[in-house]
Structure formats: C-alpha cells, structure tokens
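Written out below as structure tokens is the structure these notes cover.
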C-alpha cells in the first residue's frame, strides 16, 4: 500500500437551480478514485452549500495514483427519482507525487458538465501521503518530473541529457463502442474524458519508467498527442527528452536565471555554467546493437499498405529536381566544408560522438533551445511523412502497428540527419492528420551536431572546464557552420566563408525547427514567414485515396518550401527558425501550412534578390510585364529591409571565400545560380549579386506565387510577429502579456474551385486572421505576437479550420533599436546577458574570434552563492495570494513570463475536455458554442493551476481542437486538449534587481 | 465561401469600452459596426470592415456571456469563467447599471411591473433610447428594487454593497427605488420640466429626513423595532404628527400672527414683497395642507404635483426669483418658532427643512 490519497469537500458556490419549484438545489458530492466512492451529506436547499466533509481516504497503489484522476461528481438529491448530476471535476493528482512540485491541491474548481458547461464551483482539498521508497516499485514512476517546456526549465540545471523517450497506448474509443448507441451523450462524453485521462496517466507513467531506467529524473519537452482514429480506436502517444535535472537552491536560482524582460531571445541560456556537466549519460539506453539500417526496412511488412516509401534518402535524391521522394526531406541549410584546418578535426569529433550517439536508437531531442555550447553545428531541417490506412486496433495491449509506423518514420529522420552529416536531431516533433481511414504521420526536426566533448567525457570531471575554451569555433557563429562535407554535399547549396569568423563555411540559407540560439548574432529584426498551400484531390476510398495523397505530398512539400524561400528572400533574410510544417488531409483536399520566424543571421551571406524571368525573352509585352513585376519585387525588398532594419555591415573583402565548385542545379520554378546568365543580364538587380533567385513566370503557378509573395501584408506599425519564443532583435520586454486562442472556420460553398482559387482563399484566411489579431490587440502596441502557432484542419468536406494560439507581449519601444549597452552593468545578476553582449560586438568586428565570453560567464557563475535566508523567505511570502478573490493566472505559450522569475514548477497540466450541445442556436451558433467552450477550458486550466498554488502556466498549448457540427440538428460537439507547465513566478522588482546585482558582484569579487 | 465560425478568446478577457457602450445602448452588431466605422477606428488603424465585424461579434458574445454575471455583480468578482482585472470589473458594472436620465424620467414613480414593461415600446419611441437598452435599464431597476426590498438597513448602503456601485449611482438607484415604492406621481404635464436629478435630490431629502431610518438609531429602538424598510417607507408616526400643523392655518390668530412676522422680516428686502404679502395665506394654506394630508397614500403620491400647484406655480406667476423663494421660505419657517402658541417646532422643522430644499431644487424653468 504505497500511498494514501485524502480528499475533503469544503463548499460549493454558484450552483445551478436544480429544483424548479423551490429555485434551489439539494446538492451532495461523490468522490471517486479507482473503484472506491465516498459521499458527502446532502446540503439541502442551497445554491452555496457548505459540506465541510471529513477527509475521505483512499489507500491505493502508486501505479493507480499515476494513472487515475480523482473524480468529483456534484449531484442534486432527489427523493423520488434518480439524482441528477450537476457536473464533474477531474483532478490530476500527479503533481502531488513529486516532492519538488505541489504539496497540496486546494481551491475552487469549476464544476463541468459536458452538456451544460461550467455550472458553479466547488472547493476541494487534496493531499497525498506516500509511504515507501518509490523506486522499488517498478510499475510506477512517481517522482519523475514532466515539463512541456522545450528547454531546460528555469532554476534547474541539466546534469545529464539522456535522450529521446517515446511511448504510445491505444484503446477503443468509447464513442464507437456498441454501448454508445444506448447511453446518453453525457455518459458517452464522460466515458471518453475518463478514458483519455486514464490513458495519459498510464502513458506518463510508462514514459517515467523509461526515464528511470535511463537513470534520469525528468522529461523535458514532453509532447503528448491524441489520435482520434474513429472506428479504429484511440491512440495517445508522447515523446520527450529524458534528463537528469538538479534544482538550484532558491538563492542561486535567482541569480542564474536570466531576466526575461531584458534577456535576449533565449531561455535555455539560463544555466551556462553547467555546460560542463551537461553530459550524455554513459549508461546507454535500450537500443541493442547497431541501429537497423533504414534501407532494409521492409516497406510491406505492416498489415495496412504502407505508403511511406522506404525510399532511400540519399544525397542524390534530395538534390535532383525530378526525383522527388514521396517523403521528401526538407534538408535546407548549410552546405559545406569544414575549411582547411578544421576538416580533419571535425572528422575526428564526429568519430568520437558517433561512438556514444549512434548507439542510441534515436538520437532525438525535443528541446528547441539549449544551454550554450550544447549545439555545435546545425545541418538543416529533416522531415519525413508517411501515409497509412487505419484499421481496427485488435489488441490494445500490444500497439505494435502504430509503434512500427513511428519507428519507420524515425528511422527515416535519422537517416536524413545522417545524410546531412549530423548525428542528432533537435527540435524534434511528431504529428498526425487523420481523415476517415487515412492517416498522415509526420515527423520533423533539425539535424545537428552536438558538442562531442559532452559526449566523450561522459561524466563530469573538473578538468573539462578548461578544455572547453579550446573549442575550435567561436560559440556565436559555430552553429551556422556546415556539418557536412563540402565535396560531398547532400543537396545543392552555395557555400561561403562565415561572415563572422571567416574561417569556416556557411550555407547561403539555413532552415531549422529550433529557437534562435541565444548566442546567435542577428542583423535587424525577424518576422513571421508563412507558406500556405491548398491542393485539391479526388475523393476516393482506401488504398486509392492513400496513394493519391502519397503522390501529392512531395509536391506540396516542395511548393511550401519554394514559397518559404521566396518569402525569405523578399524580406532580405537568410534563415528560418522554429519552422513548423503541417499538412492536413481532408476528403477532397490537402492543406499545407508552414510557419517560421525569418531572420538575417549575421554569419550567413546576404541573400540575393529575386529575379523574374519571362519565358519568351523576345516578346516585348512580356518584357514590360516582367520588368514591372521585377520593379515591384525590388521595391518590396527595399521596403522590407527598412522595415526589419536589416543593414548588414558592409564587408570589403567579400571575395575571400573561394568560389565553391558546385554543379548548377536547376529546379522547376526557381533555381539558384551562381553565374550571371546571359538572358537575364539586362535585369540588373540592386541586391542581385552573384546569387539572385530566379523566378520564371512561365506558367500560372509562378504568377500565383508572385502574387502571393506580394500580397502578404507586413504587420502594422507597432506590431511584430514571430513563430518562435521571442522575436530576434527585441530584448526589452515589459511585463504585459495577453495570451489568446482564435479559431476560424470557412465554408467553401463553391464546388468548382481550382487550386489557385483555393490557395487564394486559404491565404486570405490566414492573412485576415493576422489582421484581426493586430486590430484586437491594437491597444497593447508596441507589442510582438510571439509563438504564433497555426493549426489547420479540414473537419468536413467543405470546411477549412484554422486555430491559432499565441501571446502578445509588450516591449519598451524606446530601447528596441539595439540592446541597451548599460544593461550589463545594471543587471549583472544574469551572466547570460554578459555573454550575449558579445555576439553584437563580434559581428561588428568580424576578425576577432574571442573565446572570452564563455570564460567570463563560467567564472562568474562558478562562484555565485545562494542568497541569504531572509531574501528567499521574502520571496515565499510574496506568493501568498489574497484569499477570497480569484487569483489572476497568467498563461503563455512561451517558457517564461517577461518581468517575472519562475521560482517553482508545480507539475504538468494536461487536460482533455469534451463539450456537446443539442441547442446550438440557443447558445449563439457554433461561434457562441466554441467561444464559451474555449473560455471554459481557460477557466478550468487557471483553476487547477491556482489550486496547485501557482499563478501562471508556461509552455501552454492547445494541441487539439476538434469541432463537429450539425446545424440542421441543432447539435455540435467539440474536443479540446491543452497542456502546459503550472508555475509560481514572482515579479522582478527594481528592489530585487538591485540587491541581486549587489550580492552577485560581491560574491564574484570575493571569490576571484 | 462563408465564415462559418470565428472566435477569439483571450486569457484575460478583452473588452473594448467603446463596443461595450454600443452594446449597452442596444445597437445591433451591424449598427455597431457602422457606428464604429463612423467613429474612425478604421482610420486610426489600417483595417477592413470584415475585421471590425469579426471583432464586434466577439465582443458582443463576450458581453452576452458576461451579462448573467452582471445581474449579480458580486459574482463577477469570484467567478472563474472570465479573467477580468478588478478595475475592469468596476467599469463593467458601473456602465451596466448606468442609465439614461430621459428614460428613467419616464418610469420614475411607476410600478416596476410587467404592465410598465409593456409600455417600454412607447417610451423607447418617445425618448429615442433603443428598446433593448430600455429593457436593460428597466430590468436593472426591477432587480435592484427586488433585492433591496427584502433587506434591512440603510438603502444607499445596501445598494452599494450588493451591486458594487459608486456612491453617486447608488444614490440615484435609491431615489428610483424610493419613488417606485411610494409611487410618486411624476408624469403629469406640470411636472415635465423637473429633471430626474431634481427628483433624485428630493428623494435624497425625503429618505434622509422623513423615513424611519432618518430619525436615528436611538429613536428607532424605542419604536418597537420598526426597522423594516426603514429607508423606503415614510415615518408613519411623523406623518401623523404633521396633522398637528393644521393649527397654523385653522387658528386665525396664529395665521395672522405668522403673516405679520414674515412680512415684517421681508419688508424692503425684495421687489416681490407685495405679492408675498397678498399671497401669504394662500401659500401657507397650501403648504400646511400638503403636510396634513400626507397620511393618505394617495396624497403622498401627489406630493410633488401639490408642491408645484400649491406653491411653485403661484410664485412663478407672480415672477418671484429663486432668491425671493428662498428668502420667503426661510422667514416663513423661522417665524413659526416665534409664535408663542405654536407647540410643534420639531415636527415643523423636520417638515419644512425638506419642503424648503425640495422647492429650491424644483424652482426653475
């Protein structure tokens, strides 16, 4: 009996009237855990009942504690007929199982009913007593901490990063069981909610077990998803990065955490000193022997026809234009050579790392930002997609088919990374799109080389600190340098010598799925770049349908990629971060949406312009037309340069980089060309140096491309937008934030739509959404919409749904031109900032390659001591919230809150809700229905966080929003899944900052 | 192609004060969009009508969902559905309970019943306030009336605490409740010139001086704990005592004595002296008769019309200035104290104090 769960029902308020005669309610409460149920007394005739019950005690296995939610049902007592349910509260008690998270759950919870929504609130107290040493119980994994945050959480340091963990569980969907025909919608919804709650508990426990096996104690970047496969079942799957985390003492945490309000756009930079300790575990995971060569994967092994081709993604295939693989790799990025002297060294490093990393089954990391020095080189985006036919999951206990599908995809990703000369994939994520029986599985990430030193040394030894400074590449441009071999490039790219260190080769463009590394030097500001695409397909069934989709996918990826490239060039930028490509399948169309943050990396060459080429050069009319378009594009580029303040330092010795021998690669619509071509010579581009992009307007596709290029409106004055955590080029965040979720559904009434027509509609939909956001948030300017996360879906044949969750963050306009120079002195508490001062200086003076920054940061951090007791006590007292009124809970999709410091992580929030209505019109139509449902979901998340003692949710995301409607029957149903990390954060006051600085300086002085 | 669904939900509920006002004023979504366009929102910010429509719809939905909570404002503070900062909550409540003076003037003193509600169409047409807004205002009156009706204690304080309103607004509502409860006649043509604010002032005077609650706690206890509705109903005992004032007009000596005292004091101080002297008996009869009849509910209802007919109109036809009225009433009140046979000084002061300030307030064009 390893645990005792105790619950106490205190009171209710704002209950609905259940007895029409008296206009009152006779409420009582059932508290259920596992198979045990307790009841409170009936509190007669009150809408604000006071039960003040005894402590209900459940003696349970800790395995159950992890899987099961505490279920609280509020009912109306009825003497003569059956008691009516008012609503339910599910409380996930996982946060109580972790000593470092919450110790008690206490607060008001909305009473939720899947038909009526929130119906009053109930005050509940929950405690857990754990008896035994938990590690002896192998079925449970109590104590493993979970974080949605995709970086090392604040106030923690990573002692070890063990690597990828994944798990999936499957079950029958209650909605599709035979019993569903005879039970009420409410019962069916509740069965589903409960099942999913159980499944995610089980999933988390199983992942926790894997983490314990690997020797870790936490999962960072935990990403859990549901696949509602309809008839064939319900899949809950999760991936994450296993780590061993160590908490800073409360005092030192306050020193090492960066001040997000002022810290440059990184949040992983909070623990620079532990770089030396951030080591990959020596005890290597599960993988037995060498990884299966992906080529050998039998593509016909799984029972449903696998449409994911096991096409070897060789260097040739990805570089050729005709030979597009069905699951194309989008490997963009650095081309290249490791220069003269760096070459052999790199090979050596690679050999070293291979020994540790390649033994792993999947060297994947769901993290998107990293401690400095972790990331050595970035190769580019790798992605894989596969189309599967769903069939019933026969044995839920052995979800082999689904496992095998993902295994296949991951192998492919791994091989893509290898082709890019990389041994690891970072910023890794997986998702699915399901329509009827067809399912597209997608995975993507960024191929990278991680610091070999971390891997080689295995465990921390003191000597390693000094070695770090011998690192051949300066930290701030190193990640741009190509990881692959110059002579054997995986795809066509133009290489140049790094514009910062001048020593190593960098590609002309770099695409990644990660956040911009903290140390990266950026010129000007970034912006949101989106590629949108619609492709019609014929309605079909089964294999025919799957084949059709498979055939369309590569073209879609290719066009999305082209759009991204063109839009990037148009903005005079050379790199994409946080790239997320989603392809969604509907009955008669496929939707593709790629979002990323474009930036100008100082280390990369200036992008060339875009050249328009007519198909028939002789035609005078055409020439004029081409010239006109060309002018518009040139104007747009010039305007964008100004808008995003892109003024790269002029470099006199531009020719230093030797011309790189490279076969000219042509692509269908655009090509990169290195020599000036005859027929285009008269179109002199101001920006067009040797590497202008050529757009041939020889077909309607290209015309359309150009139009879509030019119709993207820049955000209005005072606004910025990006898909990453923060906006490159903005550093002085103020504390104002406004998180929002917006959903828009379009009905396409026109049945004879063309691809172009659809594209236009889809593009307008996205653009209009952005315009709407800007308008609604106009009072918060200057502000930046961060983490703009668009999700597209085709819920029904003629419907297109776009859901967006993002946060608007205000910043101080006066200082946004550059990083304030006095910052280092005023806020010396955060060493990361000191370090981040350097990239700018380095970019100005490209000849100097100084390893000093890391030295400074390490030395100063080494000696920081915990703050005196008094201060930490004052921190605690400041988080006692006012009793009576509702705690304000901030929510953000980012991993931090500007102007505040996270002092405690209280546990993961992972909630799944269903809402259904049979009176759609009365609830204000679908919009009214969804509006109140989203508001209710927010309310329930906030209530759970507040009950855990928290005041904010970070890394919040809405993973699913599945809406089904039938206006004719006056019905609608919606499922929403949200997740995030509940935290306690405290405000950074000026007072604190000054004492902080003083103390830090003092300790550093004293120690050195 | 049509927008099937379009929602935007902020973690902190986003509310535009301008749109809120349009919603309160009963504008339809389309009218609101038009009004906003004319208001120049689009010029300030580069946006299309679509954007404005979408925003307006979102806001309207939010307000509709909030409306339930606004009906019992205390709930707004501890509900969980909307996260609204406290100062915004105050704004929402204050604006929701704000009303149009022209509208309230129409229903003042009427029974807050279904019958009156049916007349709202006409009132809407007459005042130009939209029917929707009329309904909201009327329902607010009714709701507050119903809640405070069952409460003990001071009226204004009850309203302020239960509906979290500002002092000014709470006082206005107290006036409305007081008028509705006593069914004062305010709709007669002769009373049309009196504004709501005049009436609200008078109500305040009556509440503070003529109700049971007004006398003070010490007095209350001696009177059999008659605390119920102490602010809403007039002090019956006081009304009875008012009958004693009749002596001022029935006793001929007293009347003459009173007149000569007033005239002596007034002589040479005003141009209207002759008219004052000539009208003294009439005016005095008028005021004292009002006092003596107040035990009849019917005459309470006619209190204001009587004041106008018996005092204000005669004075106005004689072209008294406001200063004249003030002067006259001051001396009229004070002189009664010197009358040696007149024993009801306390009641007289309590009566005349209110009458004086009401007439001052009402004496204008």
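Any read-out appearing in this document is the output of simple, stated calculations on the displayed coordinates, not a laboratory observation. Here the structure is a predicted model, which is why all the values come from computation and not from measurement. Because the Cβ atoms are built from the backbone with ideal geometry, glycine has one as well, and the counts that use them run over all protein chains shown.
Any chance you could check the Cα centroid distance between region A:1-70 and region B:25-69 for me, in angstrom? After rounding, the separation between the Cα centres reads 43 Å.
Counting only Cα atoms, region A:1-148 measures 57, 30, 24 Å along its principal axes, largest extent leading. Per residue of peptide A:768-781, the mean number of Cβ atoms on other chains within 10 Å of the residue Cβ is 5. Region B:16-172 has equivalent-ellipsoid semi-axes of 29, 21, 12 Å, by the square roots of 5 times the alpha carbon gyration tensor eigenvalues, sorted largest first. The Cα-based radius of gyration of region A:139-216, divided by its Kirkwood radius, gives an Rg/Rh of 1.15.
Computing FRET efficiency as 1/(1 + (r/R0)^6) for residue B:360 and residue B:37, where r is the C-beta to C-beta distance and R0 is 41 Å, gives about 0.30. Pair-distance distribution P(r) for region B:6-75, from all Cα-Cα distances in 10 Å bins starting at 0: 19, 51, 24, 5 percent.
With r defined as the distance between the Cβ atoms of residue B:87 and residue A:46 and R0 fixed at 25 Å, what FRET efficiency is calculated, to the nearest 0.05?
Step by step, r from the Cβ atoms, then E = 0.20.
Nearest 10 degrees is fine. How inclined is helix B:322-338 to the longest principal axis of chain B, computing both from alpha carbons? It works out to around 50 degrees. Along each principal axis, taking the top coordinate minus the bottom one, the Cα set of region A:707-793 gives 50, 26, 22 Å in descending order.
Its Cα gyration tensor gives region B:34-116 an equivalent ellipsoid, and the semi-axes of that ellipsoid, as √(5λ) in whole Å with the largest first, are 29, 21, 12. Altogether, the Stokes-Einstein calculation at 10 °C and 1.306 mPa s, with the Kirkwood radius of region B:256-365 over Cα pairs as Rh, returns a diffusion coefficient of 111 µm²/s. Computed packing ranks the peptides B:11-18, A:932-939, B:44-51 as A:932-939, B:11-18, B:44-51, most packed first, by mean other Cβ atoms within 10 Å. Rg and Dmax over the alpha-carbon atoms of region A:495-583 stand at 17.5, 56 Å. Rounded to the nearest 10 degrees, the angle from helix B:29-39 to the longest Cα principal axis of chain B is 80 degrees. Counting Cβ atoms of other protein chains within 10 Å of each residue's Cβ and taking the mean over peptide B:34-47 gives 2. Over region A:64-196, the Kirkwood radius and the radius of gyration, each from Cα atoms, give a ratio Rg/Rh of 1.04.
At the listed q of 0.18 Å⁻¹, the Debye profile of region B:65-153, built from one uniform point per Cα, gives log10 I(q)/I(0) equal to -0.86. Scattering from chain B was approximated by placing one identical point on each alpha carbon and applying the Debye formula without solvent; log10 I(q)/I(0) at 0.08 1/Å stands at -0.53.
Helix B:86-97 and the longest principal axis of the C-alpha atoms of chain B enclose an angle of approximately 60°.
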